[in-house]
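Q: Structure provided below as structure tokens; questions to follow.
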Amino acid sequence: MFSSRAHVAAQERTVTVQLAAPGPSATRAVNGKGLYYSVDELKKKYPPADEHGNYSGADKGGAVQLAWDPEYRFTLMRRQWFDPARKDNTGEMEHYAGSEMHENKTQIYMMMSGTGQVALGGKPAKDHETPDGQHSGGPLAGATNYRVKPGDFVIIPPYTWHQALPDPGQTLEYSMCHIETRNLIP
């Protein structure tokens, strides 16, 4: 499912991109109709990963879309420690998912379970950029690592490199609000 085309102006060039809708139509927020998810319902619908690191009801990164609108998206995220290490999107072997940076969104993490750290700032050795302002990379050099636990909040403005770093044997689970800030997309 795609929304209408958006034009991205950057460094005196215009690029037309298709913006993918962030989740199934069943999770689209509707004005005048609130949504409620009990913790018991969420535990049944989205159980922990199996022994191979696969999540039922979630995408391959452990994300589950709860609600979305063009201006925001609310997601449950699971970032697990990989043992053995896996290749990230840069080809490096890592025990956790690679770093990322978004030009057009603010993210707010509300930590729910697990232990580990969230790295903020710095830069990866390699930056893989897409036309819609999404960036991904490997480990961050120069980042500040913050120890996180259930109940903590992490606020990630646009252009901030970040990475979830679960402790060995742990899965960091957090709810995440994406707020579209439209720095490049009008």
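Q: Give the cross-link partners of K33 among the lysines, using a straight C-alpha distance below 28 Å as the criterion and excluding same-chain residues fewer than 8 apart.
A: K43, K44, K45, K105
Q: Which FRET efficiency value, to the nearest 0.05, do you get for R182 and S113 by plugging their Cβ-Cβ distance into 1/(1 + (r/R0)^6) with R0 = 30 Å?
A: Efficiency at R0 = 30 Å is approximately 0.40.
Q: To continue, here is another question. How much length is gained on full extension from K44 to A29, taking 0.36 nm per residue of separation minus their Cα-Cα distance?
A: Separation in residues times 0.36 nm, less the Cα-Cα distance, equals 3.2 nm.
Q: Let me ask something else. Give the calculated FRET efficiency between H128 and Y36 to the nearest 0.05, with a Förster radius of 41 Å applied to their Cβ-Cβ distance.
A: 0.60
Q: When ranked by the protection proxy of mean other Cβ atoms within 10 Å per residue, highest first, what sequence do the peptides 78-85, 34-41, 150-157 form?
A: The peptides rank, most packed first, as 78-85, 150-157, 34-41.
Taken together, the values in this text are just the output of simple stated rules run on the coordinates, not laboratory data. Bear in mind the structure is a predicted one, so any value in this text is a computation, not a measurement. Ideal geometry is used to build each Cβ from the backbone, glycine not excepted, and the neighbour counts take in all protein chains shown.
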